[in-house]
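Chemist: Pasting a structure here, questions to come.
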Amino acid sequence: MAPPDFYPDRQRPLATRLFQSLAFALAWWKFQLRLRVSWEDVAKLRQLRGNRVILLPNHPTFNDPVVLFLLSAQAGEIFYYLSAYANFKGLTGKLLQRLGAYSIKRGVGDRTSIAYTLNLLETKPDCRLVIFAEGGCSFQNDTVMAFRTGAVQLTMQAMARIVKQTGEIPNIYLLPVSLKYRYTRPMNPVIENSLTALEKALGITPEILDFYPRLRAIGECVAAQFEREYIGHLLQGSLNERIEEIRTAMLNICERDIGLDPMPSLPLRERVYRVQAIVEEQENPSAELQKIYQSTVRLLNFDALYDGYVAAAPTAERFLDTLTRLEREVFNIDKPEPKGDRLAYVKLGDPVNLADYYGAYRGDRTATVEQLTAQMQQIVQANLDILAGG
(Lines give C-alpha, C1' and ligand atoms only; values in the text may rest on other atoms or scores of the structure.)
Protein backbone atom coordinates (compact mmCIF):
# COMPACT_ATOMS: atom_id res chain seq x y z
CA MET A 1 0.00 0.00 0.00
CA ALA A 2 1.31 3.44 -0.93
CA PRO A 3 2.24 5.69 1.99
CA PRO A 4 -0.04 8.66 2.66
CA ASP A 5 0.85 12.01 1.13
CA PHE A 6 0.59 13.70 4.53
CA TYR A 7 0.87 12.71 8.17
CA PRO A 8 -1.25 14.91 10.47
CA ASP A 9 -0.51 15.30 14.14
CA ARG A 10 -2.54 13.09 16.46
CA GLN A 11 -1.80 15.07 19.58
CA ARG A 12 -3.27 13.62 22.76
CA PRO A 13 -2.67 16.08 25.61
CA LEU A 14 -2.85 13.43 28.33
CA ALA A 15 -0.39 11.18 26.50
CA THR A 16 1.90 14.14 25.85
CA ARG A 17 1.82 15.11 29.52
CA LEU A 18 2.70 11.52 30.44
CA PHE A 19 5.68 11.54 28.10
CA GLN A 20 6.73 14.92 29.45
CA SER A 21 6.82 13.48 32.95
CA LEU A 22 9.21 10.78 31.71
CA ALA A 23 11.10 12.90 29.20
CA PHE A 24 14.08 13.95 31.31
CA ALA A 25 14.90 10.39 32.36
CA LEU A 26 14.34 9.03 28.84
CA ALA A 27 16.52 11.73 27.24
CA TRP A 28 19.36 10.92 29.64
CA TRP A 29 19.03 7.16 29.06
CA LYS A 30 18.48 7.13 25.29
CA PHE A 31 20.30 10.24 24.04
CA GLN A 32 22.73 11.07 26.88
CA LEU A 33 21.14 14.52 27.12
CA ARG A 34 20.29 16.89 29.93
CA LEU A 35 18.55 20.23 29.45
CA ARG A 36 20.03 23.49 30.66
CA VAL A 37 17.76 26.51 30.40
CA SER A 38 17.42 29.45 32.76
CA TRP A 39 14.18 30.24 34.54
CA GLU A 40 14.32 33.70 32.94
CA ASP A 41 14.17 32.06 29.52
CA VAL A 42 11.38 29.71 30.53
CA ALA A 43 9.50 32.77 31.80
CA LYS A 44 9.69 34.34 28.33
CA LEU A 45 7.65 31.43 27.01
CA ARG A 46 5.24 31.27 29.92
CA GLN A 47 4.51 34.99 29.66
CA LEU A 48 3.14 34.38 26.16
CA ARG A 49 0.42 31.98 27.31
CA GLY A 50 -2.84 32.56 25.51
CA ASN A 51 -1.01 33.77 22.38
CA ARG A 52 0.20 32.03 19.26
CA VAL A 53 3.97 31.42 19.31
CA ILE A 54 6.27 30.18 16.56
CA LEU A 55 9.51 28.80 18.01
CA LEU A 56 12.43 29.07 15.57
CA PRO A 57 15.45 27.04 16.76
CA ASN A 58 18.71 26.30 15.00
CA HIS A 59 19.16 22.65 14.02
CA PRO A 60 22.67 21.33 14.77
CA THR A 61 21.77 17.67 15.49
CA PHE A 62 19.12 15.02 15.02
CA ASN A 63 18.41 15.27 18.76
CA ASP A 64 17.12 18.87 18.63
CA PRO A 65 13.42 17.84 18.65
CA VAL A 66 14.13 15.96 21.88
CA VAL A 67 15.57 19.14 23.40
CA LEU A 68 12.51 21.15 22.30
CA PHE A 69 10.28 18.50 23.87
CA LEU A 70 12.27 18.83 27.11
CA LEU A 71 11.77 22.59 26.91
CA SER A 72 8.02 22.07 26.54
CA ALA A 73 8.06 19.86 29.63
CA GLN A 74 10.11 22.40 31.59
CA ALA A 75 7.67 25.17 30.69
CA GLY A 76 4.57 23.04 31.20
CA GLU A 77 3.48 23.67 27.61
CA ILE A 78 2.37 21.48 24.70
CA PHE A 79 4.09 22.10 21.37
CA TYR A 80 3.33 21.18 17.78
CA TYR A 81 6.24 20.32 15.48
CA LEU A 82 6.65 20.67 11.73
CA SER A 83 8.81 17.72 10.70
CA ALA A 84 10.23 16.34 7.44
CA TYR A 85 8.05 13.76 5.70
CA ALA A 86 10.84 11.17 5.78
CA ASN A 87 10.70 11.05 9.60
CA PHE A 88 7.24 9.47 9.67
CA LYS A 89 8.16 5.84 9.26
CA GLY A 90 7.13 2.92 11.44
CA LEU A 91 6.55 3.19 15.16
CA THR A 92 8.76 6.27 15.47
CA GLY A 93 6.53 8.14 13.05
CA LYS A 94 3.40 7.14 14.95
CA LEU A 95 4.96 8.35 18.19
CA LEU A 96 5.90 11.67 16.59
CA GLN A 97 2.29 12.17 15.51
CA ARG A 98 1.03 11.39 19.02
CA LEU A 99 3.39 14.00 20.46
CA GLY A 100 2.24 16.75 18.10
CA ALA A 101 4.37 16.41 14.97
CA TYR A 102 3.02 16.58 11.43
CA SER A 103 4.76 16.21 8.11
CA ILE A 104 5.97 18.50 5.36
CA LYS A 105 7.48 17.54 2.02
CA ARG A 106 10.32 19.95 1.55
CA GLY A 107 11.12 21.52 -1.77
CA VAL A 108 7.77 20.93 -3.51
CA GLY A 109 5.36 23.44 -1.97
CA ASP A 110 3.43 20.91 0.14
CA ARG A 111 -0.04 22.41 -0.12
CA THR A 112 -1.62 19.96 2.30
CA SER A 113 0.94 20.72 5.00
CA ILE A 114 0.71 24.45 4.35
CA ALA A 115 -3.09 24.36 4.64
CA TYR A 116 -2.78 22.31 7.84
CA THR A 117 -0.39 24.85 9.35
CA LEU A 118 -2.61 27.77 8.44
CA ASN A 119 -5.63 26.03 9.98
CA LEU A 120 -3.65 25.20 13.13
CA LEU A 121 -2.65 28.83 13.61
CA GLU A 122 -6.13 30.11 12.83
CA THR A 123 -8.06 27.75 15.10
CA LYS A 124 -5.72 27.47 18.10
CA PRO A 125 -5.15 30.89 19.69
CA ASP A 126 -2.64 29.39 22.14
CA CYS A 127 -0.72 27.32 19.56
CA ARG A 128 3.01 26.74 20.09
CA LEU A 129 4.56 25.58 16.84
CA VAL A 130 8.20 24.54 16.40
CA ILE A 131 9.72 25.10 12.95
CA PHE A 132 13.38 24.44 12.22
CA ALA A 133 13.95 27.31 9.82
CA GLU A 134 17.30 26.03 8.54
CA GLY A 135 15.36 23.22 6.89
CA GLY A 136 17.66 20.40 7.96
CA CYS A 137 20.53 19.56 10.28
CA SER A 138 23.57 21.80 10.00
CA PHE A 139 25.75 19.42 12.06
CA GLN A 140 27.48 22.50 13.43
CA ASN A 141 27.27 23.41 17.09
CA ASP A 142 28.35 27.05 16.81
CA THR A 143 27.05 28.41 13.52
CA VAL A 144 23.63 28.90 11.96
CA MET A 145 22.85 28.21 8.32
CA ALA A 146 20.62 30.58 6.40
CA PHE A 147 17.03 30.54 7.64
CA ARG A 148 14.42 29.78 5.01
CA THR A 149 11.62 32.30 4.71
CA GLY A 150 8.76 29.78 4.80
CA ALA A 151 8.18 29.90 8.56
CA VAL A 152 7.66 33.66 8.64
CA GLN A 153 5.74 33.65 5.37
CA LEU A 154 3.28 31.03 6.62
CA THR A 155 2.75 32.86 9.89
CA MET A 156 2.07 36.16 8.15
CA GLN A 157 -0.39 34.42 5.83
CA ALA A 158 -2.21 33.02 8.85
CA MET A 159 -2.30 36.49 10.39
CA ALA A 160 -3.80 37.94 7.21
CA ARG A 161 -6.51 35.27 7.20
CA ILE A 162 -7.35 35.93 10.86
CA VAL A 163 -7.58 39.67 10.13
CA LYS A 164 -9.93 38.97 7.23
CA GLN A 165 -12.17 36.80 9.40
CA THR A 166 -12.23 38.91 12.56
CA GLY A 167 -11.25 42.40 11.49
CA GLU A 168 -8.65 42.47 14.26
CA ILE A 169 -4.88 42.04 14.12
CA PRO A 170 -3.92 39.17 16.46
CA ASN A 171 -0.75 38.91 18.51
CA ILE A 172 1.46 36.22 16.99
CA TYR A 173 4.99 35.95 18.30
CA LEU A 174 8.19 34.71 16.73
CA LEU A 175 10.48 33.28 19.40
CA PRO A 176 14.11 32.68 18.35
CA VAL A 177 15.66 29.68 20.10
CA SER A 178 19.40 28.94 20.29
CA LEU A 179 20.56 25.36 20.95
CA LYS A 180 24.11 24.48 21.88
CA TYR A 181 25.58 21.23 23.18
CA ARG A 182 28.51 20.71 25.53
CA TYR A 183 30.10 17.44 26.54
CA THR A 184 30.34 16.89 30.27
CA ARG A 185 33.74 15.21 30.33
CA PRO A 186 37.06 15.38 28.45
CA MET A 187 36.53 13.95 24.96
CA ASN A 188 40.12 13.43 23.78
CA PRO A 189 39.87 9.61 24.05
CA VAL A 190 36.68 9.67 21.95
CA ILE A 191 38.28 11.95 19.35
CA GLU A 192 41.33 9.66 19.22
CA ASN A 193 39.16 6.57 18.72
CA SER A 194 37.13 8.24 15.97
CA LEU A 195 40.23 9.46 14.13
CA THR A 196 41.84 6.03 14.37
CA ALA A 197 38.76 4.23 13.04
CA LEU A 198 38.46 6.61 10.10
CA GLU A 199 42.17 6.39 9.29
CA LYS A 200 41.98 2.60 9.32
CA ALA A 201 38.94 2.58 7.03
CA LEU A 202 40.59 4.99 4.59
CA GLY A 203 44.03 3.43 4.69
CA ILE A 204 45.71 6.49 6.17
CA THR A 205 48.85 6.26 8.31
CA PRO A 206 49.18 9.50 10.29
CA GLU A 207 52.60 11.14 10.19
CA ILE A 208 52.01 13.02 13.44
CA LEU A 209 49.64 12.40 16.33
CA ASP A 210 48.14 15.90 16.65
CA PHE A 211 44.38 15.81 16.15
CA TYR A 212 43.88 18.62 13.67
CA PRO A 213 46.36 17.53 10.94
CA ARG A 214 44.88 14.04 11.14
CA LEU A 215 41.34 15.39 10.83
CA ARG A 216 42.32 17.46 7.83
CA ALA A 217 44.05 14.49 6.16
CA ILE A 218 40.85 12.47 6.54
CA GLY A 219 38.85 15.34 5.04
CA GLU A 220 41.24 15.53 2.09
CA CYS A 221 40.91 11.79 1.51
CA VAL A 222 37.11 11.86 1.61
CA ALA A 223 37.06 14.86 -0.75
CA ALA A 224 39.29 12.94 -3.18
CA GLN A 225 36.87 10.00 -3.10
CA PHE A 226 34.00 12.34 -4.00
CA GLU A 227 36.07 13.85 -6.82
CA ARG A 228 36.80 10.47 -8.35
CA GLU A 229 33.17 9.35 -8.02
CA TYR A 230 31.34 12.45 -9.23
CA ILE A 231 33.89 14.37 -11.29
CA GLY A 232 36.21 11.67 -12.59
CA HIS A 233 39.49 13.29 -11.59
CA LEU A 234 41.14 15.11 -8.71
CA LEU A 235 40.62 18.85 -8.50
CA GLN A 236 43.06 21.67 -8.01
CA GLY A 237 42.65 24.60 -5.62
CA SER A 238 41.98 25.00 -1.92
CA LEU A 239 39.93 22.44 -0.02
CA ASN A 240 37.02 24.87 0.24
CA GLU A 241 37.09 25.47 -3.53
CA ARG A 242 37.13 21.73 -4.12
CA ILE A 243 34.25 21.14 -1.70
CA GLU A 244 32.16 23.76 -3.51
CA GLU A 245 32.87 22.21 -6.92
CA ILE A 246 32.04 18.73 -5.58
CA ARG A 247 28.69 19.96 -4.25
CA THR A 248 27.83 21.57 -7.59
CA ALA A 249 28.75 18.46 -9.54
CA MET A 250 26.78 16.14 -7.24
CA LEU A 251 23.69 18.32 -7.42
CA ASN A 252 23.85 18.66 -11.20
CA ILE A 253 24.13 14.88 -11.58
CA CYS A 254 21.18 14.24 -9.24
CA GLU A 255 18.97 16.75 -11.07
CA ARG A 256 19.99 15.41 -14.47
CA ASP A 257 19.43 11.77 -13.54
CA ILE A 258 15.98 12.45 -12.11
CA GLY A 259 14.94 14.69 -15.02
CA LEU A 260 14.85 18.09 -13.32
CA ASP A 261 16.01 21.30 -14.92
CA PRO A 262 18.68 23.00 -12.79
CA MET A 263 17.55 26.10 -10.89
CA PRO A 264 20.78 27.88 -9.89
CA SER A 265 18.81 30.76 -8.34
CA LEU A 266 17.52 28.46 -5.57
CA PRO A 267 19.60 27.68 -2.47
CA LEU A 268 21.36 24.33 -2.62
CA ARG A 269 19.12 22.75 0.01
CA GLU A 270 15.95 23.75 -1.85
CA ARG A 271 17.28 22.07 -4.98
CA VAL A 272 18.19 18.95 -3.03
CA TYR A 273 14.75 18.77 -1.45
CA ARG A 274 13.15 18.95 -4.92
CA VAL A 275 15.07 15.83 -5.88
CA GLN A 276 14.28 14.03 -2.63
CA ALA A 277 10.56 14.78 -2.89
CA ILE A 278 10.33 13.02 -6.26
CA VAL A 279 11.92 9.88 -4.83
CA GLU A 280 9.81 9.96 -1.66
CA GLU A 281 6.64 10.02 -3.76
CA GLN A 282 7.48 6.61 -5.23
CA GLU A 283 5.90 3.62 -3.54
CA ASN A 284 8.75 1.29 -4.58
CA PRO A 285 11.64 3.42 -5.84
CA SER A 286 13.99 1.71 -8.26
CA ALA A 287 17.62 1.01 -7.42
CA GLU A 288 18.60 4.00 -9.55
CA LEU A 289 16.24 6.32 -7.66
CA GLN A 290 17.52 4.99 -4.34
CA LYS A 291 21.08 5.72 -5.49
CA ILE A 292 20.08 9.28 -6.40
CA TYR A 293 18.44 9.72 -3.00
CA GLN A 294 21.55 8.45 -1.22
CA SER A 295 23.61 10.99 -3.16
CA THR A 296 21.35 13.78 -1.87
CA VAL A 297 21.77 12.53 1.70
CA ARG A 298 25.54 12.60 1.28
CA LEU A 299 25.29 16.07 -0.23
CA LEU A 300 23.27 17.45 2.69
CA ASN A 301 25.76 15.88 5.10
CA PHE A 302 28.41 18.25 3.72
CA ASP A 303 26.22 21.23 2.89
CA ALA A 304 27.68 23.52 5.56
CA LEU A 305 31.09 21.85 5.81
CA TYR A 306 34.07 24.08 5.20
CA ASP A 307 37.77 23.99 5.84
CA GLY A 308 38.62 26.06 8.91
CA TYR A 309 35.55 25.34 11.07
CA VAL A 310 37.60 23.38 13.60
CA ALA A 311 40.76 25.48 13.25
CA ALA A 312 38.82 28.64 14.16
CA ALA A 313 37.91 27.17 17.57
CA PRO A 314 39.31 23.66 18.13
CA THR A 315 36.83 22.59 20.81
CA ALA A 316 35.81 18.99 21.42
CA GLU A 317 32.35 19.86 20.10
CA ARG A 318 33.69 21.19 16.79
CA PHE A 319 36.02 18.22 16.35
CA LEU A 320 33.17 15.82 16.95
CA ASP A 321 30.75 17.80 14.75
CA THR A 322 33.12 17.21 11.85
CA LEU A 323 34.08 13.66 12.77
CA THR A 324 30.42 12.68 12.99
CA ARG A 325 29.87 13.90 9.43
CA LEU A 326 32.90 12.00 8.22
CA GLU A 327 31.69 8.85 9.99
CA ARG A 328 28.28 9.20 8.36
CA GLU A 329 29.99 9.23 4.96
CA VAL A 330 32.75 6.67 5.45
CA PHE A 331 30.73 4.14 7.45
CA ASN A 332 27.35 4.85 5.78
CA ILE A 333 25.67 5.61 9.11
CA ASP A 334 22.50 7.68 9.04
CA LYS A 335 22.36 8.65 12.71
CA PRO A 336 25.53 7.87 14.69
CA GLU A 337 25.19 7.12 18.38
CA PRO A 338 25.92 9.96 20.83
CA LYS A 339 29.63 10.44 21.51
CA GLY A 340 29.13 11.09 25.19
CA ASP A 341 27.04 12.72 27.89
CA ARG A 342 25.94 16.21 26.85
CA LEU A 343 24.30 19.26 28.30
CA ALA A 344 21.87 20.87 25.88
CA TYR A 345 21.87 24.62 26.51
CA VAL A 346 18.81 26.57 25.37
CA LYS A 347 18.63 30.35 25.20
CA LEU A 348 15.50 32.18 24.09
CA GLY A 349 15.63 35.54 22.39
CA ASP A 350 13.08 38.25 23.04
CA PRO A 351 9.77 37.48 21.31
CA VAL A 352 8.85 39.54 18.25
CA ASN A 353 5.18 40.39 17.84
CA LEU A 354 4.21 40.15 14.16
CA ALA A 355 1.26 42.44 14.82
CA ASP A 356 3.81 45.24 14.85
CA TYR A 357 4.85 44.32 11.30
CA TYR A 358 1.46 43.71 9.74
CA GLY A 359 1.25 47.16 8.16
CA ALA A 360 4.70 46.75 6.63
CA TYR A 361 3.72 43.28 5.40
CA ARG A 362 0.69 44.65 3.60
CA GLY A 363 2.91 47.23 1.93
CA ASP A 364 5.72 44.89 0.85
CA ARG A 365 5.24 41.23 1.69
CA THR A 366 8.52 39.93 0.32
CA ALA A 367 10.73 42.55 1.93
CA THR A 368 9.01 42.23 5.31
CA VAL A 369 9.27 38.43 5.36
CA GLU A 370 12.93 38.53 4.36
CA GLN A 371 13.70 41.18 6.99
CA LEU A 372 12.04 39.20 9.79
CA THR A 373 13.68 35.95 8.70
CA ALA A 374 17.13 37.57 8.69
CA GLN A 375 16.38 39.14 12.09
CA MET A 376 15.51 35.75 13.59
CA GLN A 377 18.66 34.16 12.18
CA GLN A 378 20.83 36.96 13.55
CA ILE A 379 19.30 36.68 17.04
CA VAL A 380 19.80 32.91 17.10
CA GLN A 381 23.44 33.32 16.04
CA ALA A 382 24.06 36.13 18.54
CA ASN A 383 22.72 34.01 21.40
CA LEU A 384 24.78 31.04 20.21
CA ASP A 385 27.83 33.28 20.48
CA ILE A 386 26.82 34.18 24.04
CA LEU A 387 26.43 30.50 24.91
CA ALA A 388 29.84 29.78 23.38
CA GLY A 389 31.41 32.31 25.73
CA GLY A 390 29.60 31.05 28.79
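The values are calculated or read from the model by the stated rules, or taken from the named source; none is laboratory data. Quick caveat, the model's predicted, so the values are computed rather than measured. Please note: Cβ atoms are built from the backbone with ideal geometry, for glycine as well, and neighbour counts cover all protein chains shown. The area values use the complete protein model at the heavy-atom level, side chains included, leaving out ligands, DNA and RNA. Shrake-Rupley method; radii C 1.70, N 1.55, O 1.52, S 1.80 Å.
Chemist: State the three equivalent ellipsoid semi-axes of the stretch 333-390, derived from the C-alpha gyration tensor as the square roots of 5 times its eigenvalues, in descending order and whole Å. Can you show the working numbers first?
Modeler: Working: eigenvalues 227, 48, 18 Å².
They are 34, 15, 9 Å, listed largest first.
Chemist: Still on this structure, I have one more. Just to be sure I understand the model, the point goes 7 Å from the Cα along the line to the Cβ. What's the resulting residue 164 to residue 350 distance in nm?
Modeler: 3.3 nm
Chemist: Over the Cα atoms of the stretch 238-315, what radius of gyration and what Dmax do you get, in Å?
Modeler: 14.2, 45
Chemist: Another one. Can you give me the three principal axis dimensions of the stretch 175-322 from its C-alpha atoms, in Å, biggest first?
Modeler: Sorted from largest, the Cα extents of the stretch 175-322 read 47, 47, 31 Å.
Chemist: Below 26 Å Cα-Cα, how many Lys pairs turn up in the stretch 59-212? Only count pairs eight or more apart in sequence, or on different chains, if you could. Could you put the intermediate results ahead of the total?
Modeler: Details: 89/105; 94/105; 94/124; 105/124; 124/164.
Counting lysine pairs in the stretch 59-212 gives 5.
Chemist: What angle, in degrees between 0 and 90 and rounded to the nearest 10, separates the Cα long axis of helix 365-389 from the longest principal axis of the Cα atoms of the chain?
Modeler: 60 degrees
Chemist: Tell me the Kirkwood hydrodynamic radius of the stretch 1-131 in angstroms, computed as one over the mean inverse distance between distinct C-alpha pairs.
Modeler: 15.5 Å
Chemist: Same structure again: Measure off, as a whole percent, the carbon and sulfur share of the 1.4 Å-probe accessible area of the chain, all protein chains present. Walk me through the numbers on the way to the answer.
Modeler: Values: 9730 of 18360 Å².
The C+S portion of the solvent-accessible surface of the chain is 53 percent.
Chemist: Rounded to the nearest 0.05, what FRET efficiency do residue 239 and residue 331 give with R0 = 22 Å and r taken as the Cβ-Cβ distance? Could you check? Walk me through the numbers before you get to the answer.
Modeler: On the way: r = 21 Å, r/R0 = 0.98.
Working from the Cβ atoms, E equals 0.55.
Chemist: Given a 1.4 angstrom probe, what's the average accessible area per residue across the chain, in square angstrom? Show your work: numbers first, answer last.
Modeler: Working: 18360 Å² over 390 residues.
Result: 47 Å² per residue.
Chemist: Next question. For the stretch 19-87, restrict the atom set to alpha-carbon positions and state the Rg and Dmax in Å.
Modeler: Looking at the stretch 19-87, its Cα Rg and Dmax stand at 12.5, 35 Å.
Chemist: Let me ask something else about it. Can you spot the aspartates and glutamates whose alpha carbon is less than 14 Å from residue 30's alpha carbon? Ignore those fewer than 8 places along the same chain.
Modeler: Leaving aside aspartates and glutamates fewer than 8 places away in the same chain, those within reach of residue 30 are 64, 337, 341.
Chemist: In Å and on Cα atoms, what radius of gyration and Dmax does the stretch 91-250 show?
Modeler: When restricted to Cα atoms, the stretch 91-250 yields Rg and Dmax of 22.9, 71 Å.
Chemist: Could you work out [θ]222 nm for the chain from helices alone, using -39500 (n - 2.57) per DSSP H run of at least four and dividing by all its residues? Round to the nearest 500 deg cm²/dmol. Mind dumping the intermediate values first?
Modeler: Details: 15 runs with 207 residues, N = 390.
About -17000 deg cm²/dmol.
Chemist: Please determine, in degrees from 0 to 90 and to the nearest 10, the orientation of helix 111-123 with respect to the longest principal axis defined by the Cα atoms of the chain, where the helix direction is its Cα long axis.
Modeler: Helix 111-123 sits at roughly 40 degrees to that axis.
Chemist: What's the ranking of 173-181, 7-15, 222-230 by average number of surrounding C-beta atoms within 10 Å, highest first?
Modeler: 173-181, 222-230, 7-15
Chemist: If I fit a long axis through the Cα atoms of helix 64-75 and take the longest principal axis of the Cα atoms of the chain, what angle between them do I get, 0 to 90°, rounded to 10?
Modeler: The answer is roughly 40 degrees.
Chemist: Placing one identical point scatterer on every Cα of the chain and ignoring solvent, what is log10 I(q)/I(0) from the Debye formula at q = 0.09, 0.13 Å⁻¹?
Modeler: The calculated log intensity ratios at q = 0.09, 0.13 Å⁻¹ are -0.56, -1.19.
Chemist: Determine the distance separating the Cα centre of the stretch 71-95 from the Cα centre of the stretch 175-201; give it in Å without decimals.
Modeler: The two parts, judged by their Cα centres, are 26 Å apart.
Chemist: Expressed as a whole percent, how much of the Cα-Cα distance distribution for the stretch 288-357 exceeds 14 Å?
Modeler: Working: 1745 of 2415 pairs.
That tail contains 72 percent of the Cα-Cα pairs.
Chemist: What per residue convex hull volume, in Å³, do the alpha-carbon atoms of the stretch 145-201 yield?
Modeler: Numbers: hull volume 7.8 nm³, N = 57.
Normalising the Cα hull of the stretch 145-201 by residue number yields 137 Å³.
Chemist: In percent, what relative contact order does the chain have, based on Cα pairs under 8 Å that are 6 or more apart in sequence? Walk me through the numbers before you get to the answer.
Modeler: Values: 547 pairs, mean separation 101.3, N = 390.
Across the chain, relative contact order equals 26 percent.
Chemist: Return a whole-number percent for the relative contact order of the stretch 151-276, with Cα pairs under 8 Å and 6 or more residues apart as the contact set.
Modeler: On the way: 54 pairs, mean separation 13.6, N = 126.
Dividing the mean separation by the residue count of the stretch 151-276 yields 11 percent.
Chemist: Using Stokes-Einstein with the Kirkwood hydrodynamic radius over Cα pairs, what translational diffusion coefficient do you get for the stretch 93-171 at 10 °C and a viscosity of 1.306 mPa s, in µm²/s rounded to a whole number? Present the calculation step by step, with values, prior to reporting the outcome.
Modeler: Values: Rh = 14.3 Å.
Translational diffusion coefficient: 111 µm²/s.
Chemist: Shifting gears a bit: Once the Cβ-Cβ distance between residue 265 and residue 298 is put in as r, and R0 is 30 Å, what FRET efficiency do you end up with, to the nearest 0.05?
Modeler: 0.80
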